Amino acid sequence: MSQPNPPRETRQPALSRRTVFAGVGVAGAAAAAATVLPGAVRSAAPAVAAAPRPASTGYQLTDHVKRYYQTARV
């Protein structure tokens, strides 16, 4: 018969909030240090400029919207 509460030595340690927050803090500090360090290797790919989007003219009945209306009919 199994014991309802096994001794602490046989239990696996649970992941605590303190451990999670410490890990997040270390990861954030490492990311900040990587951006600040001089000589950090940057991506060699040139940034592609996105085509300028036309000014919004408000509501537009696109194919996506038409498809939604078809599925929402009762």
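Things to note:
- In this rough spin-label picture, where each label sits 7 Å from Cα along the Cβ direction, the ARG53-ARG73 distance is 3.0 nm.
- Take 55-62, 22-29 and order them by the average number of nearby Cβ atoms within 10 Å per residue, most first; the result is 22-29, 55-62.
Every number in this text was worked out from the coordinates using simple rules, so none of it is lab data. Keep in mind that this is a model prediction, so the values were computed, not measured. We place every Cβ from the backbone using ideal geometry, glycine too, and count neighbours over all the protein chains shown.
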